[in-house]
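This report concerns only the one structure given below.
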Amino acid sequence: MSLIPSIRHDWSVAEIEDIYTAPLPDLVFRAQSVHRAQYRSDEVQGCMLLSIKTGGCPEDCAYCPQSAHYRTGVARTDLVSLAELTDAATRAREQGATRFCMGAAWRDVPDGPPFEAVLAMVRLVRGLGMEACCTLGMLNQEQADALAAAGLTAYNHNLDTSPEFYGQIITTRTYDERLTTLARVRQAGITVCCGGIIGMGEDRGVRYRLLQQLASLDPHPESVPVNLLVRVPGTPLADLPPEDPLELVRTIATARILMPKAFVRLSAGRLSLTDEAQALCFVAGANSVFLGDRLLTTPNPGAMHDHQLLSRLGMRLTTGVAAAPTNARG
Ligand code: SF4
């Protein structure tokens, strides 16, 4: 059996289980072999994620402190100004980020001035020479096309979990609605950022099905964020027991093997990981981290700590950026 799989979209659950449950040294070796065929082993991409509109979201995602359904103490804010965005993006670039992600707590994107402001933000980030990613909720096709024309590199819309477990996490938006938004993003020529969360009380079977869903997308998402639940007081998942970090390592390694060309992003939850567990995630094929001391509204290791960790590992941040969508104007 070759360690370097061809690009496939038809992985069975049994095949994914075989990969996921392999002895850890075998799994990590296989994932690292796949990783090295696509990427340098000593580089990860630095991203920065800014909440451009915080709190008050009408969705009921059980993990999310920004949902209006839960009392989490997150203050609601209006859309940030272009000046604030410029400051944050410039700081991100100085800290080594090559991708700047903007998240707004919307169910779907309101047309009119808020959307025009987001388009201006996308143009601004691109003008600073960084990849621009947005996560704004559901999009219609016109909005996706307008984001592409503004030069948006990627749109994040996570599947979060398996179709079967999904109803225990979110009831206000369907799995199919998520897939529809992803199809519109793809149709617009924007790259897809789509991943999930582990540690929400799911079993391994749920993770196999999430990974199967992600790998069934054709083409694969260019970006696959793998999040470890941050158990925020006030959310329904706050009292769950912590997830075993080695399950995160297995999830990352399996994602790397199933979607060889994707950027697999070690995302939320890093503060609950030791440096050694994070190192193992990189060895398992994660090649991106989010810099900065906040990830939307939850805490994150600061950029200084990340630079020190990468230095200890003999690794570094990438410097290249992806091209704009082919239909970008200006
Ligand atoms: S994850 Fe996004 S859509 Fe869900 S409640 Fe939070 S902000 Fe709203």
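The values are calculated or read from the model by the stated rules, or taken from the named source; none is laboratory data. These numbers were taken from a predicted model, which means no experiment stands behind them. For neighbour counting, all protein chains shown are included, and Cβ atoms are generated from backbone atoms with ideal geometry for every residue, glycine included. Protein only, heavy atoms only, side chains kept; ligands, DNA and RNA dropped before computing areas. Shrake-Rupley method; radii C 1.70, N 1.55, O 1.52, S 1.80 Å.
What to note about this one:
- Among the residues of region 260-278, just one is out of contact with any Leu (no Cβ under 8 Å at 6 or more places or on another chain) and of a type in the set (Asp, Glu), namely Glu276.
- Residues that are within 16 Å of the ligand (Cβ to nearest atom), of a type outside the set (Ser, Thr, Tyr) and either crowded, with 18+ Cβ neighbours inside 10 Å or under 30 Å from Leu124 (Cβ atoms) (or both) within region 4-62 comprise Leu49, Leu50, Ile52, Lys53, Gly55, Gly56, Cys57, Pro58, Glu59, Cys61, Ala62, listed in sequence order.
- Ala97 being of a type in the set (Gly, Ala, Ser), at pLDDT 95 or above and away from the ligand (no atom under 16 Å from the Cβ): no
- Against the numbered list (1) at pLDDT 85 or above; (2) away from the ligand (no atom under 16 Å from the Cβ); (3) out of contact with any Phe, Trp or Tyr (no Cβ under 9 Å at 6 or more places or on another chain); (4) open to solvent by less than 30 Å² (accessible area, probe 1.4 Å), Pro325 comes up short only at (1).
- Checked against (1) closer than 19 Å to Leu229 by Cα; (2) surrounded by fewer than 19 Cβ atoms within 10 Å (Cβ to Cβ); (3) away from the ligand (no atom under 16 Å from the Cβ), Leu82 passes all but condition (1).
- Checking each residue in region 213-231 for being buried (at least 18 other Cβ atoms within 10 Å of the Cβ) and over 17 Å from the mean Cα position of the chain (by Cα) picks out only Arg231.
- Given (1) modelled with pLDDT under 90; (2) surrounded by fewer than 18 Cβ atoms within 10 Å (Cβ to Cβ); (3) closer than 10 Å to Val44 by Cβ, index of the condition Leu313 fails: (1)
- For region 136-151, filtered to residues that are outside any helix (DSSP H, G or I) and of a type in the set (A, V, I, L, M, F, W, C), the residue that is nearest to Ser51 (Cα to Cα) is Leu136.
- Cβ separations smaller than 8 Å between residues 6+ apart or across chains give the following pairs from region 57-82 residues that are within 20 Å of Thr161 (Cα to Cα) to residues that are polar (S, T, N, Q) and open to solvent by 50 Å² or more (accessible area, probe 1.4 Å): Asp60/Thr171; Ala62/Gln168.
- Residue within region 295-306 that is modelled with pLDDT of 95 or more and open to solvent by less than 10 Å² (accessible area, probe 1.4 Å) present: no
- Checking region 186-208 against the condition returns no match, with no residue being at pLDDT 95 or above, part of a helix (DSSP H, G or I) and within 16 Å of the ligand (Cβ to nearest atom).
- In region 156-185, the residues that are assigned to a loop (DSSP other than H, G, I, E, B) and open to solvent by 40 Å² or more (accessible area, probe 1.4 Å): Pro163, Glu164, Thr171, Thr172, Thr174
- Of the residues Ala117, Ala105, Ala75, the single one that is modelled with pLDDT of 95 or more and either open to solvent by less than 40 Å² (accessible area, probe 1.4 Å) or farther than 29 Å from Ile252 by Cα (or both) is Ala117.
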